[in-house]
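One structure below.
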Amino acid sequence: MSDPRPTDPPPRVEVRLPGGRTLPGRLLAWRQGPDGAWWAQAIIQVPAAAIRQVAGEDYTAVPREPAPRPSAGGYVLAADTRPGQPRTAVLHAADCWTLGKAAHWTTITPVDDPDQARALLLIDDTTACDACGPEQHLPTAP
């Protein structure tokens, strides 16, 4: 049996959740408990809405990996979703570096259509990102 190279991704698994639903995952390790039962340490991806942050924990160092920018261009809308705060949104190029520093209360929504991106900038609570300047890359309106 050969050892996997450190650059190889962990092997794929299916993780069965309560209720019978399964999610794809990656198996990191097997661990045996003091009672002899085996446990799997695995990585799964779940929708962000399924995660509840724990009060007192610091999430600022958790990396964010925005979706790659489509080859034909693309935009995303970053909206502030804090309760009790005024709704504000910022239009970004999909590969804007500032999206990696977005706060946990920020909702990121892809905007694939340039006309829709242009229309979003006409809404009072929506601005263009100062870092990536997405409005400079929008095709001119017909």
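Bear in mind these aren't lab numbers, they're just calculated from the coordinates by the rules spelled out. All values reported here derive from a predicted model rather than from experimental measurement. Quick reminder, even Gly has a Cβ in these numbers, built from the backbone with ideal geometry, and neighbours come from all protein chains shown.
Would you mind ranking 17, 99, 138, 23 by Cβ crowding within 10 Å, fewest neighbours first? Don't skip to the end; give the middle numbers.
Numbers: 17 10, 99 22, 138 18, 23 13.
Listing 17, 99, 138, 23 from fewest to most nearby Cβ atoms yields 17, 23, 138, 99.
Can you tell me the order of 87-94, 56-63 when each peptide is scored by its average per-residue count of other Cβ atoms within 10 angstrom, highest first?
Values: 87-94: 20.5, 56-63: 6.9.
My ranking of the peptides, most packed first, is 87-94, 56-63.
Can you sort 14, 135, 65 from fewest to most other Cβ atoms within 10 Å of each residue's own Cβ?
Details: 14 10, 135 15, 65 7.
Final ranking by Cβ density, sparse to dense: 65, 14, 135.
May I ask what percent, to the nearest 5, of DSSP beta bridges between residues of region 75-136 are antiparallel? Mind dumping the intermediate values first?
Details: 11 of 14 bridges.
Roughly 80 percent of the DSSP beta bridges within region 75-136 come out antiparallel.
Once the piece of chain linking residue 87 and residue 42 is laid out straight, how much longer is it, given 0.36 nm per residue of separation minus the C-alpha distance between them? Intermediate results must be reported in sequence, preceding the final value.
Working: separation 45, 0.36 × 45 = 16.20 nm, distance 3.69 nm.
Using 0.36 nm per residue and subtracting the Cα-Cα distance, I get 12.5 nm.
Hey, what number do you get for the chain at 222 nm if only DSSP H runs of n ≥ 4 count, each worth -39500 (n - 2.57), divided across all residues, to the nearest 500? Please list the in-between numbers first.
Details: 1 runs with 7 residues, N = 142.
Rounded to the nearest 500, the figure is -1000 deg cm²/dmol.
Computed from the coordinates I sent, semi-axes √(5λ) of the Cα gyration tensor in Å equals one of (1) 31, 21, 15; (2) 39, 20, 14; (3) 23, 20, 13. Tell me the label.
Recomputing semi-axes √(5λ) of the Cα gyration tensor in Å here picks out (2).
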